[in-house]
Amino acid sequence: MSIKPLPKCDLTTQTEVSAFFDKSTNTVSYIVKDPDSMHCCIIDSVLDIDYAAGEISYKSADKLIEHVQNNQLTVDWIIESHVHADHLSAAPYLQEKLGGKLGIGEHITTVQNTFGKIFNEGTQFQRDGSQFDQLFKDGDTYSIGNVTATVLHTPGHTPACTTHIIGNAAFVGDTFFMPDGGTGRTDFPGGDARELYRSMKRVLTLPDAVRIFVCHDYGPNGREILWETTVGEERANNVHLKQCASEDEYVKLRESRDATLSAPKLIIPSLQVNMRAGVLPKDDDGNVVLKVPINKLTG
């Protein structure tokens, strides 16, 4: 197995990280601040939805806005680590209220092509990632005030997954969970357990002390909700990696586990909205509507 070398990263800056946990989706959103300025970025925001009632609300996003405004911060970037299948992004709402550029990995186009077909979106749905302000390639950098953030393409959970290294913190999306939670699933269209294993091994070449921030936590065995660990802790104690002595063993474990998992309860609305950069789809009359494709996501 060949692991692609990491690009040069600034791992010395102690970025200030504020976490916001959404209990309904077990999602953690982050505001990451440059310690030497009032600039920040927002990572993996949540738009609230009552799917059964067909109602959208902004309580989770408003908490982020309140934090930014109370601390007189300037938002440089709104980042999506990937196209989430378990919660809706609040990016357009946040961008309208706070500004900042919206960024995601360049392989969003793969996701748009896949799910554009599944949801029968037609030619009016652009599949070139143009809904976003920036499509990041592996090794790209961007600035948050005086901090240089580095993007890693870490596919496996989805084709477009990215890890964002901001100072001495790595925001890994669904690539890792906390060590006792293991690793992300790979059974969505375009997922690949072998790619995920290699992506994780690449992240784990970072120094032990680098902080890891996960996108979800489910409190395994009843423990309290957590979202911060370290590269060293993941390398030594990740429950799925510890069980596997090789890449092939991991692939077998991951695929066997995935076969037992139910689809996320918000996968239908999440994919439709998130592949549009958080914009709610509308019908020809301008009404916000969601489609439910039958037997397309799970076969």
Could you tell me whether residue 137 is over 14 Å from the mean Cα position of the chain (by Cα), surrounded by fewer than 20 Cβ atoms within 10 Å (Cβ to Cβ), of a type in the set (Lys, Arg) and modelled with pLDDT under 95?
no
Number of positions in segment 35-73 that are surrounded by 13 or more Cβ atoms within 10 Å (Cβ to Cβ), farther than 30 Å from residue 289 by Cβ and in contact (Cβ under 8 Å) with a residue 60 or more places away in the chain
4
Residue, nearest to residue 226 (Cα to Cα), within segment 177-208, restricted to residues that are surrounded by 19 or more Cβ atoms within 10 Å (Cβ to Cβ) and of a type in the set (Val, Ile, Thr)
183
Within segment 2-34, how many residues turn out to be among the aromatic types (Phe, Trp, Tyr) and either surrounded by 21 or more Cβ atoms within 10 Å (Cβ to Cβ) or free of Cβ contacts under 8 Å to residues at least 40 places away in the same chain (or both)?
1
Here are some conditions: (1) surrounded by 21 or more Cβ atoms within 10 Å (Cβ to Cβ); (2) without any contact (Cβ under 8 Å) to a residue 12 or more places away in the chain. Residue 117 meets all but one. Which one does it not meet?
(1)
Which of the residues that make up segment 217-232 are out of contact with any Asp or Glu (no Cβ under 8 Å at 6 or more places or on another chain), among the charged types (D, E, K, R) and surrounded by fewer than 20 Cβ atoms within 10 Å (Cβ to Cβ)?
224, 228
Going through (1) closer than 29 Å to residue 21 by Cβ; (2) part of a helix (DSSP H, G or I) one by one, residue 117 fails only at (1)
What pairs come up if the first residue lies in segment 256-282 and is free of Cβ contacts under 8 Å to residues at least 24 places away in the same chain and within 13 Å of residue 87 (Cα to Cα), the second is among the basic types (Lys, Arg) and part of a loop (DSSP other than H, G, I, E, B), and their beta carbons are under 7 Å apart, counting only those six or more places apart or on different chains?
none
Residues in segment 3-57 that are of a type outside the set (Lys, Arg) and either closer than 30 Å to residue 281 by Cα or in contact with a helix residue (DSSP H, G or I) (Cβ under 8 Å, 6 or more places away or on another chain) (or both) total 34
Filter result for residue 161 (closer than 23 Å to residue 105 by Cβ, buried (at least 20 other Cβ atoms within 10 Å of the Cβ), out of contact with any helix residue (DSSP H, G or I) (no Cβ under 8 Å at 6 or more places or on another chain) and modelled with pLDDT of 95 or more)
no
Subset of segment 243-271 [of a type in the set (Lys, Arg) and in a helix (DSSP H, G or I)]
252, 254, 257
Scanning segment 233-258 for residues that are of a type in the set (A, V, I, L, M, F, W, C) and loosely packed, with under 15 Cβ neighbours inside 10 Å, the one nearest to residue 219 (Cα to Cα) turns out to be 239
For residue 81, are the conditions met, namely being part of a loop (DSSP other than H, G, I, E, B) and in contact with an Asp or Glu (Cβ under 8 Å, 6 or more places away or on another chain)?
yes
Among the residues in segment 26-34, are any part of a strand (DSSP E or B), charged (D, E, K, R) and under 24 Å from residue 270 (Cβ atoms)?
no
Scan 271, 261, 226, 253 and give me the residue that is hydrophobic (A, V, I, L, M, F, W, C) and over 18 Å from residue 187 (Cα atoms).
226
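The values are calculated or read from the model by the stated rules, or taken from the named source; none is laboratory data. Values in this document were obtained by computation on a predicted structure and should not be read as measured data. Virtual Cβ from ideal backbone geometry, glycine too; neighbours counted across all protein chains shown.
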